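Quick notes on the structure that follows.
The values are calculated or read from the model by the stated rules, or taken from the named source; none is laboratory data. Note that the structure is a prediction, hence the values are computed from the model and not measured. Here Cβ is always computed from backbone atoms with ideal geometry, including for glycine, and neighbour counts include all displayed protein chains. Calculation scope for accessible area: heavy atoms of the full protein, side chains included, ligands and nucleic acids excluded. Shrake-Rupley method; radii C 1.70, N 1.55, O 1.52, S 1.80 Å.
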Amino acid sequence: MRTWRTLSLRTKLTLWYVSLMAIVLTASAVIAHLYLSHSLRRAVDASLGEQVQLIEAQLRALEEGREFPGSRTERLAIAPAFIELITPEGKVADVAATSETDRVPLHPETLERARKSRIPIGEDARTRDGRAIRVVTWRVLNARGEVEYFLRAGYVTEDIRRAERKLLRTLLVTTALALVVASLGGLLLATRALRPVDRLTRAARAITARNLKERVEVPPSRDELARLADTFNQMIARLDEAFERERRFTDDASHELRTPLAILRSDLEIALRRERSAEEYRHVLRRCLEEVLRLSKLTDDLLLLSRSESGRLVLNFAPLPLDAICRDVIEQVRPIAETRRLNLTLQESGEPLLVRGDPQRLRQLFLNLLDNALKFTPPGGRIALRMERTKTRARVEVEDTGCGISQEDLPYIFERFYRRPSGETTGAGLGLAISRWIVEAHGGRIWVESELGRGSRFIVELPLAGTAQE
Ligand code: ADP
């Protein structure tokens, strides 16, 4: 069984449209019919009322022995089937009828109503042979205001009723026909209106992860469907970008893993080609260990980045003294700075810098920055870590007098796997990408100012604990 939910939008729209039309058309037909029959009744009542009042005037003139002005037939709008004169007690005193069958029995309630009414009372009835008739009753008062007699007149409305019924039937048949036309028209309209949706569906189906470069056609109109197609294309573009990023990440990651693995393999193969001395073996193993360390740092970084991007990396936030962390990190790298004959200084702000953060990640952040400064500054250079406190933020600068970064490289250095093309270093280009992620996860920001050949300054700003984050 097809339920409402399983129907196509086209069918649903048509059904809605046709139902609405059916309600409107039927209501109009019924209202037209009711209005017509009501007006016809009122017209008959008015004529019959006039009729009985005319008779009253004639009788009055007769009683008073004066001439009734005007001819009776002139003033007759319709010819009554019967006219009765009825005593106040309800007895028929006089009758003028075209045929006995046209007469209608008298109801005492009607007389009661007529007695109190200031206008003639009309009612529907049936003649003795079952035809529709409209009867009007009118009370005639004497000089003292008492009912002297009643006058009743009937007019056979069977023809009018038949015409009314015919009209109603015609209206209903026309309504039904209009509905058939409306449903066909509605179906046609809905089909036309929804054709772009069908096209969109087909196009969307054809788009897979392999052909994300394809786009659906945006209709030239500026309507909802054009917006839908446009939104759809934007979504595909975002997906394309995400897939592309993913693919690049996997490519770059495999590429990065290949180099140390190839070195390892060739070192091991060469070492195994012939018998070697213990010293030679030690040498090879040391080289291998270096590569393995590089590999494990790389895989750690890759794992961290991929987890951070998918939101699976949980940071353990706690209130931390940033100044203490910086001091620790400086002490950690001091031996390397000394062996490379670099002047390493720490400039404190003199105020406690309390931030909310993950100690392990913040340490990693400053180690990355210092590690780069150490790597890219030639012996004899200076490296300074400066701390400062603004109203709501802790600011840490890592400055060096190293080789600096060219204007072309500057926009990219925070991207993953980005290394300066000269490639004199051993890093995989993940350090700054990780650093930026750490800073942003702490609600802060990081940027760099650098000049080729003169040095670089990396600036990190983190919100102080207890202040609202921007
Ligand atoms: P890596 O792990 O290879 O150092 P990073 O993401 O840390 O990668 O750095 C990306 C690139 O930015 C480096 O290859 C280098 O060219 C440049 N860079 C980073 N820090 C400095 C610095 N202090 N001085 C000059 N260049 C730098």
Point to revise | Out of ALA262, ALA271, ALA278, ALA242, sole residue that is touching an Asp or Glu at 6+ places or on another chain (Cβ under 8 Å), free of Cβ contacts under 8 Å to residues at least 40 places away in the same chain and aliphatic (A, V, I, L, M) | key: ALA271
Study note, to complete from the structure: Of those in the range 360-380 that are open to solvent by 10 Å² or more (accessible area, probe 1.4 Å) and more than 10 Å from the ligand (Cβ to nearest atom), the residue nearest to the chain's Cα centre (by Cα) is ARG361
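Matching residues to (1) open to solvent by 70 Å² or more (accessible area, probe 1.4 Å); (2) farther than 29 Å from ARG389 by Cβ:
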position: ARG287; (1), (2): yes, yes
position: LEU293; (1), (2): yes, yes
position: LEU303; (1), (2): yes, yes
position: SER310; (1), (2): no, yes
position: ALA318; (1), (2): no, no
position: ALA324; (1), (2): no, no
position: THR345; (1), (2): no, no
position: PRO352; (1), (2): yes, no
position: ARG356; (1), (2): yes, no
Exercise for review: Among residues belonging to the range 132-179 that are under 60 Å from the mean Cα position of the chain (by Cα) and among the basic types (Lys, Arg), point out the one that is surrounded by the most Cβ atoms within 10 Å (Cβ to Cβ).
Suggested key: ARG161
Practice item. Would you mind stating whether ARG238 is among the basic types (Lys, Arg), more than 30 Å from PHE417 (Cβ to Cβ) and part of a helix (DSSP H, G or I)? Key: no
Point to revise | Looking only at the range 411-420, and only at residues there that are crowded, with 18+ Cβ neighbours inside 10 Å and at pLDDT 90 or above, the one that is farthest from the ligand (Cβ to nearest atom) | key: PHE414
Check your understanding: Tell me, which residue of the range 384-410 that is within 14 Å of the ligand (Cβ to nearest atom) and open to solvent by 40 Å² or more (accessible area, probe 1.4 Å) is farthest from the chain's Cα centre (by Cα)?
Key -> THR401
Practice item. Please name all residue pairs, on different chains or six or more residues apart, with Cβ atoms under 7 Å, provided the first residue is in the range 174-201 and is in contact (Cβ under 8 Å) with a residue 24 or more places away in the chain and the second residue is of a type in the set (Phe, Trp, Tyr) and open to solvent by less than 60 Å² (accessible area, probe 1.4 Å). Key: LEU200/PHE232
**Study point:** Filter result for ALA428 (closer than 26 Å to ASP251 by Cβ, among the hydrophobic types (A, V, I, L, M, F, W, C), near the ligand (Cβ under 9 Å from one of its atoms) and in a loop (DSSP other than H, G, I, E, B))
**Key:** yes
Study note, to complete from the structure: Checked LEU264, LEU225, LEU257, LEU189 against criteria (assigned to a helix (DSSP H, G or I), more than 24 Å from SER306 (Cα to Cα) and over 30 Å from the mean Cα position of the chain (by Cα)); the one match is LEU264
Point to revise | Among (1) out of contact with any helix residue (DSSP H, G or I) (no Cβ under 6 Å at 6 or more places or on another chain); (2) open to solvent by 40 Å² or more (accessible area, probe 1.4 Å) - the single one LEU40 does not satisfy | key: (1)
Check your understanding: Taking only pairs six or more apart or across chains, which ones have beta-carbon atoms under 7 Å, a first residue in the range 109-123 that is under 13 Å from VAL52 (Cβ atoms) and part of a strand (DSSP E or B), and a second residue that is among the acidic types (Asp, Glu) and modelled with pLDDT of 90 or more?
Key -> GLY122/ASP45
Point to revise | Pair list, Cβ < 6 Å and 6+ apart or interchain, from the range 358-375 residues that are touching a residue at least 60 places away in the same chain (Cβ under 8 Å) and over 16 Å from ARG334 (Cα atoms) to residues that are open to solvent by less than 30 Å² (accessible area, probe 1.4 Å) and within 11 Å of the ligand (Cβ to nearest atom) | key: LEU365/SER435
Review point. Do we have ILE434 as near the ligand (Cβ under 7 Å from one of its atoms) and among the β-branched types (Val, Ile, Thr) here?
Key: no
